[in-house]
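A short write-up of the structure that comes next.
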Amino acid sequence: QLDYQNPDEILQWFAAYEKFILHYANIARDTKAEIFAVGVELERLAKNADAFRRIIRNVRATGYAGLITYECEAWNAENIAFWDDLDFIGLNMYYAFGAEPRSESDNKFNELVAFQRQKLLLHARHAQRLGKPWIITEFGYPAHDKAISQTSAWPDRMQARDDQAQYIGFRAMEFALTHMQDQVLPQAAGIIFWKYVTTLDSYEAKNYATDFILQGKPAEKVLLRMARSGF
């Protein structure tokens, strides 16, 4: 986690970061990107709300006309003080669950579904309180044997490929969303699944087996059903 205690170092970091992010805001403007994120999972630096408010203003000042969000660690969403300056609440949902259900008939699978529903309702209610729509900017499971209990662990450190674990994680989310549309979806702008890649080369090819990559894995079937059912 990036963090600085010295006020001068914080100012220096934000000056450099603002230059960086405005470069990409200009690209987003010129390419007419629909959504732009001013940051991703900067848990400690995101406490500097005024600095982020300035960045958001300056992104809008570029002439970018799309929607703007910030991608926070979902569990940290209620600690972000600058949601009111953004168009969406952005949530990267990688909640770990304390078990590894092996099938849909496993009792732990039902507990995982209930766990996912609890998190969805938590965020829906938070968005409702703020009067803001929310978007799941990242949701996914890797394909290794600790995918559900260590969801955010760096997948290239995991050796045991397990496509079933990834499938079960996505299947639980499909179950969690079923019959929850009226409770969750009115404020929800969508879900971005992590991840699809345009090419399977370099890093992606090396880590394909245990990574979050969905191409060619059973979890794709869940996404297809969800798309067809209107989620």
Among (1) of a type outside the set (S, T, Y); (2) in contact (Cβ under 8 Å) with a residue 60 or more places away in the chain; (3) open to solvent by less than 10 Å² (accessible area, probe 1.4 Å), where does L86 come up short? (2)
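Quick check on my filter: what residues within the stretch 1-41 are among the β-branched types (V, I, T), over 24 Å from M93 (Cα atoms) and without any contact (Cβ under 8 Å) to a residue 40 or more places away in the chain? Full working, then the answer.
Taking the stretch 1-41 as the starting set, the residues that turn out to be among the β-branched types (V, I, T) are 10, 21, 27, 31, 35, 38, 40.
Applying the additional criterion that residues be over 24 Å from M93 (Cα atoms) yields 10, 27, 31.
I27, T31 - these are the residues of the stretch 1-41 that are among the β-branched types (V, I, T), over 24 Å from M93 (Cα atoms) and without any contact (Cβ under 8 Å) to a residue 40 or more places away in the chain.
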Restricted to the stretch 11-52 and to residues being under 26 Å from W75 (Cβ atoms) and among the basic types (K, R), the residue least open to solvent (accessible area, probe 1.4 Å) is R44
Working only within the stretch 119-174, note down all residues that are without any contact (Cβ under 8 Å) to a residue 60 or more places away in the chain, assigned to a loop (DSSP other than H, G, I, E, B) and among the aromatic types (F, W, Y). W154
Scanning the stretch 186-210 residue by residue, the ones that are under 14 Å from the mean Cα position of the chain (by Cα) and β-branched (V, I, T) total 2
Name the single residue, out of those in the stretch 211-231 being in a loop (DSSP other than H, G, I, E, B) and more than 19 Å from the chain's Cα centre (by Cα), that is surrounded by the most Cβ atoms within 10 Å (Cβ to Cβ). K217
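Per-residue answers, yes or no, for (1) crowded, with 19+ Cβ neighbours inside 10 Å; (2) over 15 Å from the mean Cα position of the chain (by Cα); (3) closer than 23 Å to Y70 by Cα; (4) not hydroxyl-bearing (S, T, Y):
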| site | (1), (2), (3), (4) |
| --- | --- |
| A96 | no, no, yes, yes |
| Q128 | no, yes, yes, yes |
| D145 | no, yes, no, yes |
| I168 | yes, yes, no, yes |
| A172 | yes, yes, no, yes |
Test A114 against the stated conditions and say whether it is at pLDDT below 90 and open to solvent by 10 Å² or more (accessible area, probe 1.4 Å). no
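The values are calculated or read from the model by the stated rules, or taken from the named source; none is laboratory data. All values derive from a computational prediction rather than experimental measurement. Neighbour counts are summed over all protein chains in view; Cβ atoms, including those assigned to glycine, are modelled from backbone coordinates with ideal geometry. Note: accessible area is taken over every heavy atom of the protein model, side chains too, but ligands, DNA and RNA are not part of it. Shrake-Rupley method; radii C 1.70, N 1.55, O 1.52, S 1.80 Å.
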